[in-house]
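Everything below concerns the one structure shown next.
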Amino acid sequence: MTISNITPPATIGFIGLGNMGYPMAKLLAAAGYKLCVSDLNAEAVKKFCAETGALASTRLSDLGQQSRVVITMLPDGKAVRKVLMEPDGVVSTLQKGAILIDMSSSSPVDTRVLAQELKIKGFEMIDAPVSGGVVKAVSGGLAIMAGGDSAAIAACQSLLEKMGKVFATGGCGSGHAMKAINNFLSATTLAITSEAVIAGEKFGLDPKVMVDIINASTGRSNSSEHKFPTFVLPRKFTSGFYLCLMAKDLRFAKALVDSVQESNIFVDAISKLYDDAEAKLGPMADNIDIHRYLEHLAAKE
Ligand code: NAD
């Protein structure tokens, strides 16, 4: 099936103007798309509309009616299902041929179910979660992992490219699976680098010297090269990615691993570590706070 390309000034519904959604939607407005936005946070909507001239939708059904594509950037797939499928939700008024793109990090299993329900109603859904954090959301340098119908992805390619580089991952749900796998790795390298640096410091090594050496050696990772110098060493626990969101992604990664193999060595332990940290520090702690949580555990020994 051919679907015409989604080019400016097509109207894009954008739901979720949080740490990531706000700068991502701003890039679309700057590229000439007409935006129709919604968020539970009325202040964020007001600020966004003042800055970009976007239309604020108080009713999701209005947003659905006007949009050629609807992008969701919400905490998880449960919130996405709610805004799309509730009786007066987006889908209740969606135009024929409209495309739904979930850029949140949602459960791959739930995404497949939702996409199937949407397909029966005649709508294509793409899961297109992102990696790169707030900095890359602002610069348009995100990695975008797009799963779904290839014609629908092709039609949205230039729209998505305003926010980052698009990688096609396969059928619907595969983007969310890839994102869960990436964040399993990302959370793991942060936690193990933290444990290593905390132990080295207790032994008498200087943390900054350690990170410089790790980054010139084989133990390096994005966590040691980026997160340690930017956030951990200056003790700025403000990356803009909440601990509760990372803990959620790890639960998705654990469910994915458990669904395909009998046992695992790392994902259970890492998921439990982040769940325990969230229980101790609260959901609004930053994901970088895992370092402070590990310091707290190390101090007790
Ligand atoms: P956030 O908490 O900053 O933003 C979420 C926004 O959704 C908030 O503004 C909230 O008011 C709004 N919202 C929640 N429920 C809603 C509903 N039912 N209707 C309308 N609005 C609703 O989160 P974020 O950091 O922007 O993350 C969004 C998604 O992107 C998450 O799935 C997260 O895991 C993922 N992600 C985040 C980062 C990051 O660095 N922050 C990086 C990659 C992926």
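The values are calculated or read from the model by the stated rules, or taken from the named source; none is laboratory data. Fair warning: this is a prediction, and the values are worked out from it, not measured in the lab. Methodologically, a virtual Cβ is constructed for each residue, glycine included, from the backbone with ideal geometry; neighbour enumeration extends over all protein chains shown. Note: areas computed on protein heavy atoms with side chains; ligands, DNA, RNA excluded. Shrake-Rupley method; radii C 1.70, N 1.55, O 1.52, S 1.80 Å.
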Note on region 115-150: residues among the β-branched types (Val, Ile, Thr) and either farther than 18 Å from residue 75 by Cα or away from the ligand (no atom under 11 Å from the Cβ) (or both) are 120, 126, 135, 138
In region 178-196, anything open to solvent by less than 20 Å² (accessible area, probe 1.4 Å) and among the aliphatic types (A, V, I, L, M) is listed as 180, 187, 190, 191
_Being open to solvent by less than 60 Å² (accessible area, probe 1.4 Å) and away from the ligand (no atom under 13 Å from the Cβ): is that true of residue 17 here?_
no
Taking region 32-67 and the residues there that are in contact with an Asp or Glu (Cβ under 7 Å, 6 or more places away or on another chain) and of a type outside the set (Lys, Arg), the one that is nearest to residue 83 (Cα to Cα) would be 60
Only one of (1) touching a strand residue (DSSP E or B) at 6+ places or on another chain (Cβ under 6 Å); (2) crowded, with 23+ Cβ neighbours inside 10 Å does not apply to residue 24, and that is (1)
Sole miss for residue 238 among (1) in a loop (DSSP other than H, G, I, E, B); (2) in contact with an Asp or Glu (Cβ under 9 Å, 6 or more places away or on another chain); (3) on the phi < 0 side of the Ramachandran plot; (4) open to solvent by less than 80 Å² (accessible area, probe 1.4 Å) is condition (4)
Per the filter on region 45-85, residues out of contact with any strand residue (DSSP E or B) (no Cβ under 9 Å at 6 or more places or on another chain), in a helix (DSSP H, G or I), near the ligand (Cβ under 10 Å from one of its atoms) and touching a residue at least 24 places away in the same chain (Cβ under 8 Å) are 78, 81
Within region 96-104, is even one residue assigned to a helix (DSSP H, G or I) and open to solvent by 10 Å² or more (accessible area, probe 1.4 Å)?
no
By residue number, the members of region 222-264 that are within 13 Å of the ligand (Cβ to nearest atom) and modelled with pLDDT under 95 are none
Taking the conditions exactly as written (within 21 Å of residue 73 (Cβ to Cβ), open to solvent by 40 Å² or more (accessible area, probe 1.4 Å) and polar (S, T, N, Q)), does residue 230 satisfy them or not? no
Inside region 107-164, the number of residues satisfying the requirement of being acidic (Asp, Glu), under 23 Å from residue 82 (Cβ atoms) and open to solvent by 20 Å² or more (accessible area, probe 1.4 Å) is 3
Is it the case that residue 228 is more than 19 Å from the chain's Cα centre (by Cα) and aromatic (Phe, Trp, Tyr)?
-> yes
The condition from (1) among the aliphatic types (A, V, I, L, M); (2) open to solvent by less than 70 Å² (accessible area, probe 1.4 Å); (3) more than 21 Å from the chain's Cα centre (by Cα) that residue 213 misses is numbered (2)
Scanning region 34-47 residue by residue, the ones that are more than 22 Å from the chain's Cα centre (by Cα) and open to solvent by less than 30 Å² (accessible area, probe 1.4 Å) total 0
Among (1) closer than 30 Å to residue 205 by Cβ; (2) acidic (Asp, Glu); (3) assigned to a loop (DSSP other than H, G, I, E, B), residue 262 falls short only on (1)
